[in-house]
Amino acid sequence: MPSNAKRPVIDLSGNTLEEIVEMLAQPHRRKAAVRKLMAAGREGTPVVRAGLRHDDPEVRVACCRVLDHFMDEEALPELIANVDHGHSGVRSAAIHALACERCKEGTCLPGEDDVVPMVVDALLHDDDRGVRQQAAGLLGPAVLRNQAAQAAIAHAHAHDPHPAVRKVAGWWVPGGSRYRKLTRRLGMG
């Protein structure tokens, strides 16, 4: 299809939420299915939680992304289970859904004491550079209030084998650009 041609609209209005979660496994329908699940909001979270157990890792990733915005406490066990999934994209999306403070549209945010150790472990021990990079970015905002986060960021900045992970961690060490911005915002710098 030429780049200037109009793409056909995928109409998912006649589908159940369960069918829409199944459509996440189809690359050509995935974006429309995510939009529909996002539009369903909290009404769709029970079905999206079930998608966290789907055989297709791309379905799990998409469900993590939806739950990132519409977190509910009942999703926590399934999200935590996906932190150790064999697919790096699933691990990264699950960590993001659990730890990202910016994306949440509701009031459910897992406790930092529960989440930071998982993110620290991912930053220091995950084999995938993308997961470690994601973990560094998610831990960064906690460096002024959590010693484990601060120590992990400093260690990754000095010792991670990948330059992109060291770069992201470097933003959050004292003197780093985001560290300075954070201290200014909190009236500390």
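The values are calculated or read from the model by the stated rules, or taken from the named source; none is laboratory data. As the structure is a prediction and not an experimental result, all values here were calculated from the model. Note that each Cβ is placed from the backbone with ideal geometry, even for glycine, and that neighbours are counted across all protein chains shown.
When each of Arg102, Arg145, Arg53, Arg132 is tested for being within 15 Å of the chain's Cα centre (by Cα) and either at pLDDT 95 or above or not assigned by TED's automatic domain parsing to the domain that holds Pro27 (or both), the lone residue that passes is Arg132.
Selection of first residues in the stretch 54-76 that are within 22 Å of Gly111 (Cβ to Cβ) and of second residues that are among the acidic types (Asp, Glu) and surrounded by fewer than 18 Cβ atoms within 10 Å (Cβ to Cβ), restricted to Cβ pairs under 9 Å at least 6 apart or on distinct chains, gives the following pairs, ordered by first then second residue: His69/Glu105; Phe70/Glu105; Met71/Glu105; Leu76/Asp114.
Among the candidates Ala62, Ala81, Ala93, the residue that is farther than 18 Å from Ala142 by Cβ, out of contact with any helix residue (DSSP H, G or I) (no Cβ under 7 Å at 6 or more places or on another chain), assigned to a helix (DSSP H, G or I) and at pLDDT 95 or above is uniquely Ala81.
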